[in-house]
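Report on the following structure.
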Amino acid sequence: MRIRLALAALLVWTVSLHAAVSDPKNWAQWRGPDMTGVSRTARPPIEWSETKNIKWKVEIPGRGSSSPIVYGDRVYLLTAIPVGVEAAAQHSPRGALPKRGLHQFKVLALDRKTGKTVWEHTAREEEPHEAAHGDNGTWASSSAITDGEHVIAYFESRGLYTYDMNGKLIWQADFGDKKMRNQFGEGSTPVLFGNTLIVVWDHLNQPSYVIALDKRTGKELWRVDHPEMDTWATPLVVTHEGRQQVIVNAMDRVRSYDLATGKVIWEGPGTTMNVIPSPVSGNGMVFIMSGFRGNNLKAIKLAEAKGDIASTGAIAWSLDRDTPYVPSPLLYDNILYFLKTNNGLLSAFDAASGKPHYQVQRITKAPGEVFSSPVGADGRVYITSRDGVTTVIEHGPRYKVLAENTLDDGFDASMALVDNEIFLRGYKHLYAIAQ
């Protein structure tokens, strides 16, 4: 009886730790509570401008495409600040190759009500060993993660750092230096499930690997070879038939690993080069895509995914056109939304059947590129361009624009949606938008 009670307590504890990350009232990780880009509880505004519905706007030092996360009364953000550079010159112009030099890699905790800094810590101060892509212009692309007990900050070649909620460093890890093709820069975010933190370490200098760490101590739980190069996509943890799988999008092979052991559960053909979009999952299916030097989308049925899925019925449907390069897809109910390359061209598909509701729909008043990933809440979809325009459309099978909102900043990071608020990180500022 004692053993049963202990096991039951352990199960409740583990589930509660995962629930902290997937708590629908918070946006505690990249792509939101369910890793789909959707908040089921948020009721954000439809309209805003620099003079309307701006709760606060604060300048963020340095540069980063790290998206904000929100937990309770705090907003967490990562940034890389060039040392000895005046504040006005810290933000590299879009498309300009950023100067390496000495940088401070910082973790910021901001007050959600005011935007004031509650605490900040310099995780590391050093010069990056490689350049970053001119279009990205930052060495702080990964997003933070929190479970309400820990704040996890990942600067890839500059290390991984875990803090308590008051900013005290608990542990850190250094995996060495990545060598990225053409020095395109780094930008993968880990994923947290229960006590297990999963990091994908893909680069040109093999071996590449997937590694599982105990979030409480940093202890390595398992490590498996992952013979891929230059993967920026965040892994996805799904539960199927009581078993947790870690799904990793990549160029050569898409693979699913057992969360507990690291053993391969299933694998199949990869997507394209420079894999950036993160997978999404719902209704027993996983959707994996990429769009650099080719187009590839796979809708995989978990119930039939075992071993090599290439010649099985596990791939329910696929697509070889109009898939995203940088933005991740949005899975909202049974509609899969995704952009073509980095353009303002939106497609919406029935997720189960693969039948299109509409394809390559030009987003009104979005002439520029879109790097930010679309998000959804309260029957609406929000898509933000690099030029500062957010188009709000009605969620559903018909394309209908509800609003177009312009801010003075430019945006690569994705929105966080919590309660009646939007948190949007620009090249220079972090905005809190509320009715």
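Bear in mind that the values in this text are calculations on the coordinates, not laboratory data. Note that the structure is predicted; figures quoted are calculated from it, not measured. Neighbour counts run over all protein chains shown; Cβ positions are idealised from the backbone, glycine included.
Out of Pro82, Pro207, Pro190, any idea which swings most in a Gaussian network model of the chain, alpha carbons joined below 10 Å?
Comparing Pro82, Pro207, Pro190 in the GNM, the peak value goes to Pro207.
Quick one: Karplus J couplings for region 375-387, per residue in order, coefficients 6.51, -1.76, 1.60, θ = phi - 60°, nearest Hz, x for Gly and Pro?
For region 375-387, the Karplus curve yields 10, x, 6, 6, x, 9, 10, 10, 10, 10, 8, 5, 8 Hz.
Are there GluC sites (Glu not before Pro) in region 24-67 that DSSP marks as loop and that have at most 16 other Cβ atoms within 10 Å, and which are they?
When the GluC sites (Glu not before Pro) of region 24-67 are filtered for loop state and at most 16 Cβ neighbours within 10 Å, Glu47, Glu50 remain.
Check Val191: other-chain or 5+ apart residues with amide H under 5 Å from its amide H, H built from backbone geometry?
Ile198
In region 218-343, how does Rg compare with the Kirkwood Rh, expressed as the Rg/Rh ratio over alpha carbon atoms?
Result for region 218-343 is an Rg/Rh of 0.95.
In debye, nearest 20, what is the charge dipole magnitude of the chain about its Cα centre with +1 on Lys and Arg Cβ and -1 on Asp and Glu Cβ, if you could check?
520 debye
Over the chain, with a Gaussian network built from C-alpha contacts below 10 Å, which listed residue (Pro44, Pro397, Pro327) shows the highest mean-square fluctuation?
Per the Cα network of the chain with a 10 Å cutoff, Pro397 tops the list.
Considering amide H positions built from the backbone, and no H for Pro or chain starts, which residues 5 or more places from His103, or on another chain, come under 5 Å of its amide H?
The answer is Val83, Glu126, Glu127.
With a cut-off of at most 12 other beta carbons within 10 Å, and DSSP calling the residue loop, which trypsin sites (Lys or Arg not before Pro) in region 210-268 qualify? Please list them.
When the trypsin sites (Lys or Arg not before Pro) of region 210-268 are filtered for loop state and at most 12 Cβ neighbours within 10 Å, Lys219, Lys263 remain.
Express in nm, to one decimal, how much length is gained between Asp258 and Asp73 on full extension, taking 0.36 nm for each residue of separation and deducting their alpha carbon distance.
Working it through step by step, the gained length comes to 63.1 nm.
Given a cut-off of 30 Å, name the pairs among Lys306/Lys355; Lys55/Lys106; Lys57/Lys219; Lys178/Lys215; Lys355/Lys400 whose C-alpha atoms lie farther apart than that in the structure shown.
As for pairs spanning more than 30 Å Cα to Cα, those are Lys57/Lys219.
Which one, Ala233, Phe155, Ile170, is farthest towards the positive end of the dipole of region 125-233 when Lys and Arg carry +1 and Asp and Glu -1 on their Cβ?
Of the listed residues, the answer is Ile170.
Quick one: Karplus J couplings for region 296-302, per residue in order, coefficients 6.51, -1.76, 1.60, θ = phi - 60°, nearest Hz, x for Gly and Pro?
Karplus-based 3J(HN,Hα) across region 296-302 equals 7, 9, 10, 9, 10, 8, 4 Hz.
Give me the aspartates and glutamates in straight-line cross-link reach of Lys301: C-alpha distance below 19 Å, same-chain residues under 8 apart excluded.
Asp34, Glu241, Asp258, Glu267, Asp320, Asp333, Asp350
In nm, give the distance between the simple-model label positions of Thr51 and Val83, each being 7 Å from the Cα along the Cα-to-Cβ direction.
Placing both labels 7 Å beyond Cα along the Cβ direction yields 4.4 nm.
For the chain, set up a GNM with springs between Cα atoms under 10 Å and report which of Glu126, Glu421, Glu267 has the largest fluctuation.
Of Glu126, Glu421, Glu267, the Gaussian network model singles out Glu126 as fluctuating most.
For a quick check: with amide H placed at 1.01 Å from N, whose amide H comes under 5 Å from Arg112's, ignoring anything fewer than 5 positions away on the same chain?
Result for Arg112 returns Arg74, Val75.
Can you give the Kirkwood hydrodynamic radius for region 344-435, in Å, rounded to one decimal and based on Cα pairs?
For region 344-435, the Kirkwood estimate is 13.7 Å.
So for the chain, averaging the separation of alpha carbon pairs under 8 Å that are six or more residues apart and normalising by length, what relative contact order in percent results?
Worked out over the chain, it gives 15 percent.
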